[in-house]
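Here the structure comes first, spelled out in structure tokens, and everything after it is commentary.
The values are calculated or read from the model by the stated rules, or taken from the named source; none is laboratory data. Small disclaimer: the values here were computed from a predicted structure and weren't measured. All Cβ positions, even for glycine, are placed from backbone atoms using ideal geometry, and neighbour counts span all protein chains on display. Just so you know, the surface numbers come from the protein's heavy atoms only, side chains and all, with ligands and any DNA or RNA stripped out. Shrake-Rupley method; radii C 1.70, N 1.55, O 1.52, S 1.80 Å.
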Amino acid sequence: MRIVDISQTPTEKLLDIAVRALSQGKVLVCPTDTIYGFIGDAANIKAVEKIFCIKHRRKEKPLGIFVKNLAMAKKFAKITKRQEAFLKKVWPGKVTVVLRVKKRFPEGVGTQKTIGIRVPKYPFLDLLFEKFNHALAQTSVNISDAPPIKKVKDMVRIFGKRRWKPDCILDAGALLISRPSRVIDMTTEKRKIIRK
């Protein structure tokens, strides 16, 4: 489990580390605009399976994805003009939306009919998407049903001796205090808030 200090690592080197790891189906801990998250290539079954193993997460709780922008979201979800107008107001930002799926991912990412998608507002992820133009399977850093883990030293303590652990932690120190993203179901005509 490699730990990379973001403040002490040149941006290009940091991006190279992240892109190489993601390309190899590895799982990263990455800071975001909300909390630390596990990320992996959403199209890579190896990466998806590993996230579930690390978290002890049930497959009935599918992962959502990070995408670069609305244009990328349209590749994976059916988005109406009305939905697009709403998404332009909330993205990039701390809002995950559940939409009807257009392109399927490996089992565990979305369901056969729906997928949760977010465009994060975080500079490092913006740069990462420029180099690694793939949807990223993502979820909070924790053991399933436990609170999110906010400190890297706690991640090392909790995951360090386990068989399943993240391959690399991108350490940005303490993030600004934030809650996980709001989740809005947009699969029906009327929007439904799943998580405030």
| note | Of the listed residues (LYS153, LYS121), the one being open to solvent by 90 Å² or more (accessible area, probe 1.4 Å), at pLDDT 95 or above and either over 22 Å from ASP5 (Cβ atoms) or not basic (Lys, Arg) (or both) is LYS121
| field | Given (1) farther than 21 Å from VAL4 by Cα; (2) at pLDDT below 95, index of the condition HIS134 fails | value | (2)
| request: Mind counting the residues in region 159-196 that are in contact with a strand residue (DSSP E or B) (Cβ under 9 Å, 6 or more places away or on another chain), open to solvent by less than 100 Å² (accessible area, probe 1.4 Å) and in a loop (DSSP other than H, G, I, E, B)? | output: 8
| remark: Those residues of region 96-109 that are on the phi < 0 side of the Ramachandran plot, in contact (Cβ under 8 Å) with a residue 40 or more places away in the chain and either small (Gly, Ala, Ser) or surrounded by fewer than 19 Cβ atoms within 10 Å (Cβ to Cβ) (or both) come to a total of 3
| said: Quick check on GLY40: is it free of Cβ contacts under 8 Å to residues at least 60 places away in the same chain, in contact with a helix residue (DSSP H, G or I) (Cβ under 6 Å, 6 or more places away or on another chain) and not aromatic (Phe, Trp, Tyr)? | reply: no
| said: Among the residues of region 5-26, are any in a strand (DSSP E or B) and not acidic (Asp, Glu)? | reply: no
